[in-house]
Amino acid sequence: RDSARRRRYTVDGFVAKNRDALPEAAAATLCQSKNALVAALFAVSEFQKPAKGARASRRGGRRRACVAKAFASSLQQLHATIEGTRPFFVRCVKPNDRQEAKRWNGALALSQLRYMGLLQVVEARKRGYPRRYDFEAFARRYGPLVHGGG
């Protein structure tokens, strides 16, 4: 329903019209790519349910996931990988807009540092918050203060 006027919207067949499945010919071509990443992205995955019908025999009995489902699955795998590691980030600062050697634009570098939040990190460390300890290291270092031991 529209707020300005009374209207009726029809949603019959909405999901079918908005499926974003890749055409089989395109998927088959991309699956055979010499680029390993492209081939892996378009390979038929193991978790997909077997398809039924006459077309299924031509596709080897497996259905290809639509692009959105494949993306969601890939994103979940990436999230699981990141959660299982201890990521560290390297922040790069461009010294100048022209990408020329031995040229320094201090204002540009400062604006990048501000945008990345590094100046706030430096300020916090100046105030006495110099490190982040993992729990075990923190407990070893400050546990005796809490438990009154040494």
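Which of the residues that make up the range 86-103 are within 30 Å of Y133 (Cβ to Cβ) and open to solvent by 90 Å² or more (accessible area, probe 1.4 Å)?
Correct list: R86, F88, F89, V90, R91, C92.
Can you tell me which condition Y133 does not meet? The list is (1) farther than 26 Å from T85 by Cβ; (2) part of a loop (DSSP other than H, G, I, E, B); (3) open to solvent by 50 Å² or more (accessible area, probe 1.4 Å), and all the others hold.
That leaves (1) as the condition not met.
The values are calculated or read from the model by the stated rules, or taken from the named source; none is laboratory data. Bear in mind the structure is a predicted one, so any value in this text is a computation, not a measurement. Note: ideal-geometry Cβ built from the backbone for every residue, glycine included; neighbour counts use all protein chains shown. Surface areas here come from the heavy atoms of the whole protein model, side chains and all, with no ligands, DNA or RNA. Shrake-Rupley method; radii C 1.70, N 1.55, O 1.52, S 1.80 Å.
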